Structures are given as structure tokens and as C-alpha cells.
Amino acid sequence: MRIFSGIQPTGEKHLGNYIGAIRQYVASQEEAEPVICIVDLHSITVAYDPEDLRESTLSLAALLIASGLEPDRCTLFVQSHNPDHAQGAWLLSTVASFGELRRMVQFKDKSEQQEFISVGLFTYPVLQAADILLYQTDAVPVGEDQRQHVELTRDIAERFNSRYGETLVVPKVVTPKLGAKILDLQEPTKKMSTTGGTAQGTVQMLDEPDVIRKKIKSAVTDSGREVRRGEGKEGIENLISIMSVATGEEPEAIESRYEGAGYGDFKADVAEAVVELLAPIRARYRELRDEPAELHRLLAVGAEKARAASGPTLATMYERMGFARP
Ligand code: ATP
Ligand code: LTN
């Protein structure tokens, strides 16, 4: 079973990224050796600062290791350290159609926020398909917002196989049972987001405990008073999911435990649960950031493992597509 996922080195990583994605990567180490890619080539598709990108790439590597990814039990690497991704994306760009890419919701959303809409932002899902398909991936753990991209990847793989013969594994998307879409605490109709959310409604994984408490205590809820899930109770439902993931307690058990309690007490407990969840990650992150040489070494080992895994697939793609090769 091959597991692959990608995460962008832009901005700070938030609680939605942890619950929807990072937590799944860590858990998948129990069943397989997942391949986790820091997708820096994807991050240049919108306006960015080159110095920030360099810094965020190392920072994300440290955060992923601090969250529980163990370089001996997974392949953790930076996308641009393996040139097969860019090559694979070019080949696959002839197997994806303009019409398919035009329907991508993430492109529609992100292009609205950009003054300059790059061609790279449009073809972004083809690079994502190359990421996944080069590793003959069976399962892709992601949050709900990435489902459409993984479905496109499946269509591209099937089309490649029918044009050129059975070559690529058609991957499945895997979203967590709980927390596949964590909502912004201030606008609980939108997903918590790096680029599109509110600052107060986004808990960053590296926020100080007091900042986390403040954000959770001021979360927007509803005019009712019952701690339970349901129509019109998106804010409370979101907090129940967060608490459930942080403590391991089922949502039903949380609902009955808080029967008759007020929102204030509930929020205070959610805040403590999140502070406890993130505190060890933050501490370990600090230690790792003090050892940049060690981080570079781990990423170099990861890149080598990644190239060894993607190389044979890329070679077969070239061959099947009719390129003359020695
Ligand atoms: P943006 O919000 O700007 O689109 P992002 O946070 O989605 O950025 P990434 O950092 O690449 O971008 O996302 C990493 C992973 O986190 C992806 O698998 C994505 O599905 C997941 N994810 C992102 N936001 C949420 C959320 N609110 N709830 C659950 N999972 C999420
Ligand atoms: N598009 C994804 C990041 C991403 C990814 C991938 C996820 C790039 N390549 C491959 C899974 C598999 C995002 O914006 N979160």
C-alpha cells in the first residue's frame, strides 16, 4: 500500500491543516511508509516572496517532524529536490484537458484573489497529479477541499492507461471521518484557511497558548445554549469536532458530558484541549529549528529515497509515450 500526500510551504500551518491532513500522515506510518512532499513548486503559482519561501520550506519540515513524522518511517522531502515532478507534470499536461482544469473550484477561488493569474495556477492540478502518480500511489490522505483534485488525478491516470497501456495506479482519496473540513472560528460557514480566512478565526499550530485560548473563547456560535451538533449550529459542531480530535472522545460523549452546561465552560475546555494538543508540537519544533544542518541532512536523504521511487515510473511514461531513449 503506497500512501502519498503533499502540503504547501506557504504561510503558517493551522489547526485545520493538522486535523484534516498532518494527523493522517502521522497515523499512516502505522500501516505503511508514507511519502510526504513539501510542495514548493505549487507555492510559486501565486504572488510570493522568495526569501519567505526558503524559510517556510525548512520551517514546514521542522513542523511535520515535530508533529510526529519520523524520517526513518516515511519519505519526507521537498518537491523541487526531485526534478521528476516537473517532468512528469509536462507529460501529463497533454493528458488533461483545458475544460477539466477550468472546472477546478480551487482555481476559481484562488484566481479571484490574485491580481496576476499565472498559467501555473491554472495547471497546478496537473503538477499535483504528477506528484501522486509518479509514486504509484494507492491512497492520498487530504482534507475535503482536495477531493476534486484527486478525482481529476484519477481521470488523468485512467486516460493515460487507456492511451498508452496500463502504466499508472489509479489512487483513492482518503479523508478523515472527523475533521475533514474544520471551519473558520469567526465565519463558521467557510473552511479555516491559510489564504481566505480571518486572522482571529484561524488557530495557527504555533500560536502561543494565550492566543489559542483567546481565539477559541471568541469563536462565533449561535443564539441557542445546547452543546450539540445540528442545523444552524455549525460553530458549535466545529468546536465539538475539534475537541473530539484533541481528546479522542466521541462527539456523542462530548454532547452528553456538556448537557446543561453553558457555551462559556465548553469553549474554555476546548481551548485547554487544543493548547495541550499543540504544546508538545511547538516545543519540539523549537528544538528542531535550532538544528538547520540536521534538517537539511534529513531532507537530502528524503529526496534520494523519493527519486529512487519516482524514477522508474517516469522512465516507463517516457517509453510508453514514444520518446526515443537509449
Ligand atoms: P488554503 O487554505 O490557502 O487553500 P491550505 O491550507 O488548504 O491553503 P495546504 O497547506 O497545502 O493548503 O493544505 C494542506 C492540507 O490541509 C490539505 O490536505 C488540505 O486538504 C488540508 N486542509 C486545509 N484546510 C483545511 C481545513 N480547514 N480543514 C481540514 N483540512 C484542511
Ligand atoms: N493541492 C494541495 C497540495 C498538494 C497535494 C499534492 C496534496 C500538492 N500536491 C499531492 C495531495 C497530493 C493543497 O493545496 N492542499
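Read-outs: derived from the displayed coordinates by stated rules, not from any lab. This one's a predicted model, so the numbers in the text were calculated from it and none came from an experiment. With ideal geometry, Cβ positions are generated from the backbone for all residues, glycine too; neighbour counts draw on all protein chains shown.
With point charges of +1 on the Cβ of Lys and Arg and -1 on the Cβ of Asp and Glu, referenced to the Cα centre of the chain, which listed residue (P125, G235, V301) lies farthest in the positive direction of the dipole?
P125
Using the Cα gyration tensor of region 1-127, with a ≥ b ≥ c the square roots of its eigenvalues, what is the shape: rounded (a/c below 1.5), prolate (a/b larger than b/c) or oblate (neither)?
Prolate, because a/c is 1.5 or more and a/b exceeds b/c.
For n ≥ 4 DSSP H runs only, could you compute -39500 (n - 2.57) per run for the chain, divide by its residues and tell me the 222 nm figure to the nearest 500?
Mean residue ellipticity, 222 nm, calculated: -16500 deg cm²/dmol.
Rg and Dmax of region 73-166 over Cα atoms: what are they, in angstrom?
Reported Rg and Dmax, both Å: 13.7, 42.
Where in the chain are the helices, taken as whole DSSP H runs, whose Cα atoms extend 18 angstrom or more along the long axis and whose Kyte-Doolittle mean reaches at least 0.5?
Working: long enough: 50-66 (24 Å, 0.59); 119-133 (21 Å, 1.31); 147-164 (26 Å, -1.36); 234-247 (20 Å, 0.86); 263-289 (38 Å, -0.14); 292-320 (41 Å, -0.16).
Counting only whole DSSP H runs, the qualifying helices are 50-66, 119-133, 234-247.
Work out Dmax and Rg for region 176-229 from the C-alpha atoms and quote the Rg first, both in angstrom.
11.8, 32
Quick one: give the max-minus-min coordinate of the C-alpha atoms of the chain along each principal axis, largest first, in Å.
Answer, in whole Å and largest first: 73, 44, 41 Å.
Strictly over 24 Å apart at the Cα level, which of K108/K267; K181/K233; K110/K214 would you flag in this model?
K108/K267; K110/K214, as the Cα separations exceed 24 Å there.
Taking every pair of alpha-carbon atoms in region 242-326, give the share separated by more than 23 Å as a whole percent.
Taking all Cα-Cα pairs of region 242-326, the fraction more than 23 Å apart is 60 percent.
What does the extension gain come out to for E100 and A27, with contour length at 0.36 nm per residue minus their alpha carbon separation?
Contour length minus Cα-Cα distance gives 23.0 nm.
For region 178-292, what class follows from the C-alpha gyration tensor (a ≥ b ≥ c being the square roots of its eigenvalues): rounded when a/c is under 1.5, otherwise prolate if a/b is larger than b/c, else oblate? If you can, show how the numbers build up before the last one.
Working: a/c = 2.09, a/b = 1.58, b/c = 1.33.
The shape class here is prolate.
Take every Cα pair under 8 Å in the chain that's 6+ residues apart, average their separations, divide by the length, and report that relative contact order as a whole percent.
Result for the chain is 22 percent.
What nm distance separates the two modelled labels at K217 and E287, each placed 7 Å from Cα along Cα→Cβ?
Spacing of the two 7 Å Cα→Cβ label points: 3.1 nm.
To the nearest 20 debye, what charge dipole does region 132-252 have about its Cα centre, counting +1 at the Cβ of each Lys and Arg and -1 at the Cβ of each Asp and Glu?
Magnitude of the dipole: close to 140 debye.
Could you list the GluC sites (Glu not before Pro) in region 25-72 that lie in coil according to DSSP, counting only those with at most 14 other Cβ atoms within 10 Å of their Cβ? Write down the numbers at each step before the final one.
Details: sites: E30, E31, E51, E55; in loops: E30, E31.
Hits after loop and neighbour filter: E30, E31.
At a threshold of 8 angstrom on Cα-Cα distance, excluding pairs fewer than six apart, so keeping six or more, what relative contact order does region 231-314 reach in percent?
Contact order relative to length: 23 percent.
Looking at the chain, send over the antiparallel percent of its DSSP beta bridges, to the nearest 5.
In the chain, DSSP labels about 15 percent of beta bridges as antiparallel.
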